[in-house]
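The values are calculated or read from the model by the stated rules, or taken from the named source; none is laboratory data. Since this is a predicted model, take the numbers as computed values, not measurements. Glycine gets a Cβ as well: all are built from the backbone with ideal geometry, and neighbour counts include every protein chain shown. The accessibility values were calculated without ligands, DNA or RNA, using every heavy atom of the protein model including side chains. Shrake-Rupley method; radii C 1.70, N 1.55, O 1.52, S 1.80 Å.
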Amino acid sequence: MGTVNLILVLLAITGVAYVMARKRAITVAGGLRHIRNLHSLPSYYGAHTALWMLLPVLIMMLFWGMSQSSVIENRLIDTLPASYQQMDRDELSLVINEISNLATGGITSGNESKPEYVAGAETFNALYNRAGWYRTLLAFALAAVGFLLSWRLIHPDFRARNRVESITRWVLLACSLVAILTTLGILLSVIFEAIRFFQMIPLTDFLFGLQWSPQTAIRSDQVGSSGSFGAIPLFTGTLLIALIAMLVATPVGLMTAIYLSEYASKRFRSFAKPALEVLAGIPTVVYGFFAVVTVGPFISNTASLIGLDVTQGAALGVGLVMGIMIIPFVSSLSDDVINAVPQAMRDGSYGLGATQSETIKRVILPAALPGIVGGILLAISRAIGETMIVVMAAGLSANLTANPLESVTTVTAQIVNLLVGDQEFDSAKTLAAFALGLVLFVVTLILNVIALRVVRRYREQYA
């Protein structure tokens, strides 16, 4: 039985068990008229039974899924001829992958006619089918045991509500740990690969080098054999594009938020605010198309009219489009914090004779400033980490310049460029992507921490 079908069947059985346990709780209480004899509501007894049936099965299926492939591969290796078992680890891994593709109907490299591979594919399918049956039987056995154990606990004094709430708390904690451990695993993987890179390239050369040329060659006379890994041009390009984006997004987003919160009618606000928030959900690849097809050619053609030679991948065009993308972030966050300013502060200002513009300048904006600054910092982090727009619209030349009319590249664009295609993860060129990612992670983390501390301060003041 497939995983999805097995889960659906178990959910149906669990639903039936919930109803049965609920009815039994009412019965042991002496009927609905004596339901006060129960410690908890009947639904808690049903939920307790359902959790006892479902959770052990889900945990078993999780560990089963994590270990099934390796167990089957080991069993498959034991059935292969001795000449295959004596292969080194990489060659044997290729053979197992070929047999797996042959068994599942995937693409093979012409070995489907070899008897060893055919026999291995049959063994592979047999092991998988057997494992599926074992898993199904074990799942039903665990569900049955859980049902019987929880069924025996149903009596009026049993604290079903406390047990259910305790299990729910542990489930929520496990979900939180999954997210935290996943983030930690990603961070550690980046750190380990970055350490390997810094064992090849000195940290000072990477952080303070002025030339970025990651192309390495096999022979010393080939172009790019220098393999320069100075990241200063990349971070300069990243900051230049982020600066242009924030010069566009900050004033437009802030003015939009002030208008929506202080001047716009309720009817216009009910239409404009959701429309701005929808803009935040547009895929960044669409903004990339907009930069390549419209903004880049427009800037290049306009500049040529006054005698300037501007490429379509100039930092100005990329920054403008990125700024347009970030406007909804700034406007939405600023609108929320401006609306969170207590109405009593507005009324007090009006009572002292201040006009609406004076109230905005001297009362509302100073009061909302921590939240606005926090939102802008979060938007900067978004701009620095943006990938798709710069990959599509920015160039790949690592120019160390502050001229927005020249083409620059960014950290994220170079990471994509370094990891595209078949790569060897033991070369400095490929490992440089992890070093760039680690520095980018540290920069955005610092900005996010500063933003969260500012926002927290704001919330403490006006909660």
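Brief remarks on what is shown
Quick grid of which residues meet (1) hydrophobic (A, V, I, L, M, F, W, C); (2) within 25 Å of Ala280 (Cβ to Cβ):
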residue: Thr359; (1), (2): no, no
residue: Ala368; (1), (2): yes, yes
residue: Ile372; (1), (2): yes, yes
residue: Gly375; (1), (2): no, yes
residue: Ala379; (1), (2): yes, yes
residue: Ile389; (1), (2): yes, yes
residue: Gly395; (1), (2): no, no
residue: Leu400; (1), (2): yes, no
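- Residue among Gly323, Gly375, Gly348, Gly317 that alone is crowded, with 16+ Cβ neighbours inside 10 Å and either at pLDDT 90 or above or not in a helix (DSSP H, G or I) (or both): Gly323
- Of all residues making up the range 153-172, the number that are exposed (fewer than 15 other Cβ atoms within 10 Å of the Cβ) and within 15 Å of Trp52 (Cβ to Cβ): 7
- Residues that are of a type in the set (Gly, Ala, Ser) and closer than 22 Å to Ala272 by Cα within the range 326-358 comprise Ser331, Ser332, Ser334, Ala340, Ser357, listed in sequence order.
- Any chance Ala368 is out of contact with any Lys or Arg (no Cβ under 9 Å at 6 or more places or on another chain) and within 16 Å of Leu316 (Cα to Cα): no
- Residues being surrounded by 16 or more Cβ atoms within 10 Å (Cβ to Cβ) and assigned to a helix (DSSP H, G or I) - total across the range 34-54: 12
- Any hit, the range 354-365, residues being of a type outside the set (Val, Ile, Thr), part of a helix (DSSP H, G or I) and either touching a strand residue (DSSP E or B) at 6+ places or on another chain (Cβ under 6 Å) or modelled with pLDDT under 80 (or both): no
- Pair list, Cβ < 9 Å and 6+ apart or interchain, from the range 5-16 residues that are open to solvent by less than 60 Å² (accessible area, probe 1.4 Å) to residues that are in a helix (DSSP H, G or I) and charged (D, E, K, R): Leu6/Arg135
For (1) of a type outside the set (S, T, N, Q); (2) in contact with a helix residue (DSSP H, G or I) (Cβ under 7 Å, 6 or more places away or on another chain); (3) modelled with pLDDT under 85; (4) more than 18 Å from Gly323 (Cβ to Cβ), each residue gets a yes or a no:
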site	(1), (2), (3), (4)
Ala379	yes, yes, no, no
Met388	yes, yes, yes, no
Ala393	yes, yes, yes, no
Ala398	yes, yes, yes, yes
Thr401	no, no, yes, yes
Thr410	no, yes, no, no
Gln423	no, yes, yes, yes
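- Among residues of the range 273-285 that are touching a residue at least 24 places away in the same chain (Cβ under 8 Å) and closer than 14 Å to Ile389 by Cβ, those with a beta-carbon under 6 Å from a residue that is in a helix (DSSP H, G or I) and among the aliphatic types (A, V, I, L, M) at least six positions away or on a different chain give the pairs Thr284/Met388; Thr284/Ile389; Val285/Met388.
- Taking the conditions (1) modelled with pLDDT under 80; (2) within 30 Å of Cys175 (Cα to Cα) in turn, Glu98 satisfies each one other than (2).
- Test: Ile72 is in a helix (DSSP H, G or I), without any contact (Cβ under 8 Å) to a residue 40 or more places away in the chain and under 13 Å from Tyr128 (Cβ atoms): no
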